[in-house]
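Here is the structure we will look at, set down as structure tokens.
The values are calculated or read from the model by the stated rules, or taken from the named source; none is laboratory data. Keep in mind that this is a model prediction, so the values were computed, not measured. All Cβ positions, glycine included, derive from the backbone under ideal geometry; neighbour counts span all protein chains shown. The accessibility values were calculated without ligands, DNA or RNA, using every heavy atom of the protein model including side chains. Shrake-Rupley method; radii C 1.70, N 1.55, O 1.52, S 1.80 Å.
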Amino acid sequence: MKVLIAEEALQTGTGHWPGYIGGIASGLRSAGNSVDILVHKNCVPDLYAALDGTPVFSRNCWLDPASQGGLGGLRHNFIFRRELKSWICSRSERYDLVCALTMRLQHLLAFALMSRARDIPRETHFLLLFVQGFGRYDATIGKSVFPRNRSTLLARLCFRLMSKAVRSGRIVLAAETKGMQDELERFTGLPVALFPHPVPPPVLSDKAVVEKKQITLTCPGFARHEKGTDLLQDAILELLSDDKLNHVRFILQWPNPFEMPDGSLMQPREVLTKHPQVEFKNENLNLEEYESLLQESDIILLPYRRESYHNRVSRVAIEGAGRGKPLVYMSGTWAAEVAEISKAGVPIRAESGKALAEAIRQAVSEFNSLKVEAETHAEELIKYHSTERFHQLMQEATVS
């Protein structure tokens with residue numbers, strides 16, 4: 001299979017794009033596929049060399065102010081279409097599949113028009129994976145609603161333009177979470193495939209489960225309001241007053257203060273920074289340090305707010321559960337899908353420090369049985385979120 005991955009966000013080398021795109025491309029190439037990766041024209045040399053990419057795109061809608069807003073977004077679509085279509089049509093050998101793995105509104109019209117272009121071979125398929133939707137989360141009903149504005153009107157027009165291509169199978173609309181799949185199907189009225197979020201498999205040991213005297217709970221990833229770090233502080237303060245939990249230890253990754261909705265800055269509370277049961281990691285972790293944190297963890301804490309994570313992937317959830325770690329996660333978020341596979345999660349019933357503390361107490365009291373379940377089902381989760389499964393679904397997408 002000859003595959004083209006188009007990703008203009010591959011520019012500075014920061015963010016999740018290098019590891020995500022690089023991992024998928026490496027897995028596809030190892031399976032015998034030919035993979036081309038188109039990156040930003042100003043992509044740092046080390047990155048496009050590591051990816052074996054080709055600098056093509058002149059705009060990065062994640063960073064360029066000129067690509068924002070109504071006119072900016074339309075202009076970006078036409079520029080993106082011109083550059084991508086020129087590359088596709090200049091190749092002597094056609095692509096089986098053209099992939100856009102972080103779709104945004106700035107790309108939607110471009111692909112709608114390319115799906116109708118006569119100079120792109122009819123045998124070329126398109127995989128459009130959406131990590132952002134077009135709705136606004138409504139907490140009262142627990143799902144997204146779609147406001148009537150210029151963005152949603154343009155998006156609906158684009159989906160109408162490509163509807164024939166989607167129903168024929170030439171375009172595959174895809175999501176990584178059931179929440180996003182549901183949102184896109186309700187918004188578009190079109191079928192949406194469910195794809196995994198490929199994560200490299202960890203090196204798992206065969207150690208026997210033993211009862212531990214100390215239990216380490218960690219919250220990997222940068223502290224942010226959307227990740228419920230403020231709720232976690234409240235929960236830890238409550239739990240530390242319980243003498244029955246003096247065998248519990250917390251590790252939080254908190255390099256910088258973060259902004260709260262009211263504009264104030266949230267930083268670690270002094271009483272916690274001085275407490276012997278709490279450790280703050282104040283630096284950015286490299287891959288080895290991050291892996292060490294995951295291995296040190298007994299329970300992974302994911303108190304993520306529903307508004308941000310009801311249909312959004314948490315790579316930490318996959319990486320933690322894939323290493324046989326039980327999860328404490330917010331109910332109504334995508335992490336519930338991971339917990340469903342791993343069989344070792346304790347849901348947080350409400351977005352409050354008190355509810356989080358209750359969930360942590362339950363996870364600590366049931367730790368040994370949760371750990372057995374987590375380790376038993378870790379391989380199942382790893383296979384679900386594997387490059388091999390992603391590859392299989394990509395191959396199926398080219399059959400129509």
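Under a 1.4 Å probe, what is the accessible area of region 1-95 per residue, stated in Å²?
In whole numbers, region 1-95 has 45 Å² accessible per residue.
On the accessible surface of region 282-400, probed at 1.4 Å, how many percent belong to carbon and sulfur atoms? Mind showing how you got there, number by number?
Values: 2310 of 5000 Å².
Heavy-atom surface of region 282-400 belonging to carbon and sulfur, 1.4 Å probe: 46 percent.
Sorted by average packing, counted as other Cβ atoms within 10 angstrom per residue and highest first, what order do 114-120, 373-379, 298-304 take? Mind dumping the intermediate values first?
Numbers: 114-120: 14.6, 373-379: 19.0, 298-304: 26.4.
The most tightly packed comes first, giving 298-304, 373-379, 114-120.
Accessible area per residue, 1.4 Å probe, Å², for region 296-379: what's the number?
Working: 2790 Å² over 84 residues.
With the other protein chains kept in place, region 296-379 gives 33 Å² per residue.
Only helical DSSP H runs with n ≥ 4 go in: add -39500 (n - 2.57) per run for the chain, normalise by residue count and round the 222 nm mean residue ellipticity to 500 deg cm²/dmol. Display every interim value, and only then the final one.
Values: 15 runs with 170 residues, N = 400.
About -13000 deg cm²/dmol.
So what's the angle, to the nearest 10 degrees on a 0 to 90 scale, between helix 387-397 and the longest Cα principal axis of the chain?
30
Taking amide H positions as placed in the peptide plane 1.01 Å from N, state which residues far from Val56 in sequence (5 or more) or on other chains have amide H under 5 Å from it.
Correct list: Val39, His40, Lys41.
I'd like the Karplus ³J(HN,Hα) series for region 354-370: coefficients 6.51, -1.76, 1.60, θ = phi - 60°, whole numbers in Hz, and an x wherever there's a Gly or Pro.
Once rounded to whole Hz, the list reads 5, 5, 5, 4, 4, 5, 5, 4, 5, 5, 5, 5, 9, 4, 4, 6, 5.
HN-Hα J couplings of region 298-309 from phi, Karplus 6.51/-1.76/1.60, θ = phi - 60°, integer Hz, Gly and Pro as x?
Each residue of region 298-309 in turn: 9, 9, 9, 9, 10, x, 5, 6, 5, 4, 8, 10 Hz.
What ranking, highest mean first, results for peptides 4-16, 153-165 when packing means the other Cβ atoms within 10 Å averaged over each residue?
Details: 4-16: 20.6, 153-165: 16.6.
Output ranking for 4-16, 153-165: 4-16, 153-165.
Magnitude of the Cβ-charge dipole of region 215-385, K/R +1 and D/E -1, about the Cα centre, nearest 20 debye?
Values: 19 positive and 27 negative charges, 39 e Å.
Here region 215-385 has a charge dipole of around 180 debye.
Starting at the first residue of region 231-241, write each ³J(HN,Hα) from the Karplus equation 6.51 cos²θ - 1.76 cosθ + 1.60 with θ = phi - 60°, in whole Hz, x for Gly and Pro.
5, 5, 4, 4, 5, 5, 4, 5, 5, 5, 7
Could you give the angle, 0 to 90 degrees to the nearest 10, between helix 105-114's Cα long axis and the longest principal axis of the Cα atoms of the chain?
Between the helix axis and the principal axis of the chain, the angle is about 30 degrees.
So who's got an amide H within less than 5 Å of the one on Ile171, skipping anything under 5 residues away but keeping other chains? H placed 1.01 Å off N, in plane.
Answer set, sorted by chain and number: Phe126, Val166.
Output the pairs from Lys143/Lys325; Lys213/Lys371; Lys343/Lys383; Lys274/Lys354; Lys213/Lys274 with a Cα-Cα distance over 19 Å in this structure; if there are none, say none. If you can, show how the numbers build up before the last one.
Numbers: Lys143/Lys325 28 Å; Lys213/Lys371 14 Å; Lys343/Lys383 15 Å; Lys274/Lys354 22 Å; Lys213/Lys274 22 Å.
Those over the limit are Lys143/Lys325; Lys274/Lys354; Lys213/Lys274.
Over region 137-282, with the other protein chains present, what is the accessible area per residue in square angstrom, probe 1.4 angstrom?
Details: 7690 Å² over 146 residues.
Dividing the accessible area of region 137-282 by its residue count gives 53 Å².
Using the alpha-carbon atoms, what tilt in degrees (0 to 90, nearest 10) does helix 69-90 show relative to the longest principal axis of the chain?
It works out to around 60 degrees.
For region 17-136, count the residues as N, evaluate 2.2 N^0.38 Å, and divide the Cα radius of gyration by that value, please. Before the final figure, lay out each step's value.
On the way: Rg = 14.6 Å, N = 120, 2.2 N^0.38 = 13.6 Å.
Expressed relative to 2.2 N^0.38 Å, the Cα Rg reads 1.07.
Listed highest first by mean packing, meaning other Cβ atoms within 10 Å per residue, what order do 27-34, 264-271 come in? Each step should come with its number before you reach the end.
Numbers: 27-34: 14.8, 264-271: 12.4.
Packing order, densest peptide first, comes out as 27-34, 264-271.
Report the antiparallel proportion of the DSSP beta bridges in region 2-195 as a percent, rounded to a multiple of 5.
Details: 3 of 27 bridges.
Rounded to the nearest five, the antiparallel share is 10 percent.
Skipping prolines and chain starts, which residues have an amide H placed within reach, meaning under 5 Å, of the one on Gly345, given they are 5 or more residues away or on another chain?
Placed amide hydrogens put Leu327 under 5 Å from Gly345.
Would you work out what percent of the accessible area of region 1-66, with all protein chains in place, is carbon or sulfur (probe 1.4 Å)?
Numbers: 1350 of 2660 Å².
The computed percentage sits at 51.
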